[in-house]
Amino acid sequence: MSIGVCYFPEHWPREQWKSDARQMAEAGIEYVRLAEFSWGVIEPTPGNLDFSWLDEAVDLLADYGLKVVLCTPTATPPKWLVDDYPEILQADADGTPRNFGSRRHYCFNSSRYRAETRRIVSSMAAHYADHPAVVGWQTDNEFGCHETVRCYCEDCSSAFSEWLAAKYDDVDDLNEQWGTTFWSQQYTSFEAVDPPRPTPADHHPSRLLDYYRFATDSVVGYNRLHADIIREHGDWFVTHNFMGDFETLDMHKVSTDLDLVSWDSYPTGFVQDRRAGDPSMDELRAGDPDQVGLNHDLCRATNDAPFWVMEQQPGDVNWPSHCPQPGNGAMRLWAHHAVGHGADAVLYFRWRRCLEGQEQYHAGLLKQDGSLDRGYSDARTAAEELSAVDAGHVDASVALFHDYDNWWAIGAQPHAPEFDYWEHLRCYYRALRARGVQVDVVHPDTPLEDYDAVVAPGLHLVDTKLADRLTSFVDRGGQLLVGARSGVKTPANQLHETLAPGPLADLTGFVVDQHESFPEDITLTVDVDGDEYAATVWAEWLNPDPQTTVVAMHTSGPGAGRPAVTRTNRGDGSVTYCGVWPESELLDELVTDLLSRGRIEFTSRLPDGVRLNERDGLTWITNFTSSTFEIDVPTKDIVIGGRTLGAYDVVVVSTVPHQISISREAL
Ligand code: GAL
Ligand code: ZN
């Protein structure tokens, strides 16, 4: 369990590097990530490669016992390269080039840029091939940041046509699968299909979905180019730093070429810019543990291995709309929280606040004058505590389905602005986590043998193959909870000929009669055994088969008296379908029922902001709030901390979650 840091020696005079390395070592830092935006320094003019500065920095860090993760510097092609080859630039949907002057301006499908990438990555990998301090590589930096997965340039247009030609038998097949008779959208050749550029009305949803898939595949190919070259030169791990709650890049696909999945975590920014609802003061100070945790669990489960947090918020940041100081201890808390979810290393971004450029308002572990900032002591404490911990595997009995095709398909036709795929998924995740349960966030194609329960919210695109897999999971005694809008469409994004849930209808034991959507502030009600529960945004009226149990009935509107939630049992297995967007009480009913059926242990309901993470008998208790809680565990089991869980604090105990009890009320 290690702590690391992202460092930019190229921003500072060489005389300073030594004291930087010494202070890193003093803080207990083990890994240093370097060079992700350094192309302009490595190759100041075409063909004149200069690694001397990087050699010196790597050697110096190595002298202090630090290990280096190098990055390919391709996120920032230098000005001379853009001037020589302006065709490498991305374009907006309206054709406007994404010009030089920030970062991520290159197109993944530019053959010229791929050649330049091959050149710079090969030189760098060859240069560091035998360096013992270089332990691994990060490809590029945050593929797709600043909305750059989807490019609309001419190179992408031709590449899209080729991608379609490889996918479909012929253009008639494409016309058939998309359904292009609607509004006379038939194509006569693959070349005639261009990227979805501005149109008077909405785009065809099947064309959009394929464009989104194509755009992700373009990044997959570009990442593979890096990974292959790096592996040709050394026996290193290859990773990429993904972003949190990030829609446009399919992490599952990119990760097939990586040894290690990593991601960048900025909790106080995420609650502001990628989540519904206004953040509370506590969330502005520490973030939302379930928002962060969902990304940790996705990264861990993606390659079924420990992951890294490659960039961890070090203090206040520059990019959200507001930039509060994190709570005291929050930077330590985030490192522990990540490790509890299965991270093996957490690297703070960045070492030192920058004097120049776009991120002057972004904290580092050090201030710009070299004095220690708030994050430094948190990082040092975390490093000391975590180096003493020997944590095992995260063993989750519950799988939560997550996939990008469903996200994109629902996103293309949300049918209510509030129907956000990721928010919907997160509400199920939150309910599970509030019961102290470990969750693997997996792609629906993942083998399900190791799971007792599967939760599948928004499983919108379903074919018979997936329906068959889920049926055998339930037939083998698995417990399945399926959320609204499932089984509606084919993988090509057309409605099934049969009523929803289409191929799942035999398994679930009903069909959807009607669906309707509402603004978020409208509360819908359903009845479960005489108790009323709230739902919002989405409602379906279900027509159950005779053997299907009705769990909840609508009690409002024209659907009153119609089933909203149903259950069918098959041997020891069961499938529950929830045809509304459930609010927290109904969610808790649904997940506790699921867990009980699967004989999965769970805790009493945890206070908001307090979460439990278990790694093989060792449990992290984290508090993302400014309140204090009492923990009831035997003193002999306490590994880090005490029986009082303070504000933004963490306690680690050698016992399993369901044996821990925490006062629900703050002290
Ligand atoms: C990340 C990015 C870093 C830096 C950081 C600031 O998204 O990878 O280079 O910009 O945000 O918080
Ligand atoms: Zn392009």
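List of remarks:
- Helix-derived mean residue ellipticity, 222 nm - over the chain, DSSP H n ≥ 4, -39500 (n - 2.57), to 500: -9500 deg cm²/dmol
- Cβ-defined net charge surrounding GLU154, 10 Å radius [Lys, Arg +1; Asp, Glu -1]: -3
- Kirkwood analysis of the Cα pair distances in segment 137-283 returns a hydrodynamic radius of 17.6 Å.
- Aspartates and glutamates with Cα under 14 Å of LYS465, excluding same-chain neighbours fewer than 8 positions away: ASP445, ASP506
- Separation of segment 473-526 from segment 315-393 is 42 Å, based on Cα centroids.
- Hits among lysines - C-alpha to C-alpha of LYS18 under 16 Å, sequence gap 8 or more where chains match: LYS67
- Computed over all pairs of different Cα atoms, the Kirkwood value for the hydrodynamic radius of segment 329-401 is 14.0 Å.
- For SER102 and PHE182, the difference between the fully extended length at 0.36 nm per residue and the C-alpha to C-alpha distance is 24.7 nm.
- Pairwise alpha-carbon distances in segment 610-664 exceed 16 Å for 29% of all pairs.
- Between GLU449 and THR523, the modelled label-to-label distance comes to 4.7 nm, taking each label 7 Å out from Cα in the direction of the beta carbon.
- Overall Cα dimensions of segment 453-513 - principal axes, largest extent first, Å: 31, 22, 18
- Binned Cα-Cα distances of segment 337-475, short to long, each 10 Å bin given as a whole percent: 10, 26, 24, 23, 14, 3, 0
- Distant alpha-carbon pairs in segment 492-555 (separation over 17 angstrom), percent: 52 percent
- Among the trypsin sites (Lys or Arg not before Pro) within segment 387-445, not one is in coil by DSSP while having at most 10 neighbouring Cβ atoms inside 10 Å.
- Ordering PRO195, SER206, SER218 by the projection of their Cα atoms onto the charge dipole of segment 111-262, which places +1 on the Cβ of Lys and Arg and -1 on the Cβ of Asp and Glu, puts SER218 at the extreme positive end.
- Radius 11 Å from Cβ of GLY315, net charge of other residues (Lys, Arg +1; Asp, Glu -1): +1
- Cα-based reach from LYS636 at 18 Å (exclusive), listing aspartates and glutamates while leaving out same-chain residues under 8 positions away: GLU385, ASP390, GLU614, ASP616
- Here is the size of the chain from its Cα atoms: Rg then Dmax, 25.6, 79 Å.
- 3J(HN,Hα) couplings calculated from phi for segment 489-500 with the Karplus curve 6.51 cos²θ - 1.76 cosθ + 1.60 (θ = phi - 60°) are, in sequence order, 10, 7, x, 7, 6, 10, 4, 5, 5, 8, 5, 4 Hz; Gly and Pro show x.
- In a fully extended conformation the segment linking ASP94 and ALA416 would gain 113.3 nm over its present Cα-Cα distance, using 0.36 nm per residue.
- Hull-based mean projected area of segment 398-597, where the convex hull spans the alpha carbons, in square nanometres: 10.0 nm²
- At most 11 other Cβ within 10 Å, DSSP loop - GluC sites (Glu not before Pro), segment 114-195: none
- The chain, relative contact order [Cα under 8 Å, separation at least 6], %: 11 percent
Every read-out reported here was derived from the displayed coordinates using simple, explicitly stated rules and does not represent laboratory data. Quick caveat: nothing in here was measured; it's all calculated off a predicted structure. We place every Cβ from the backbone using ideal geometry, glycine too, and count neighbours over all the protein chains shown.
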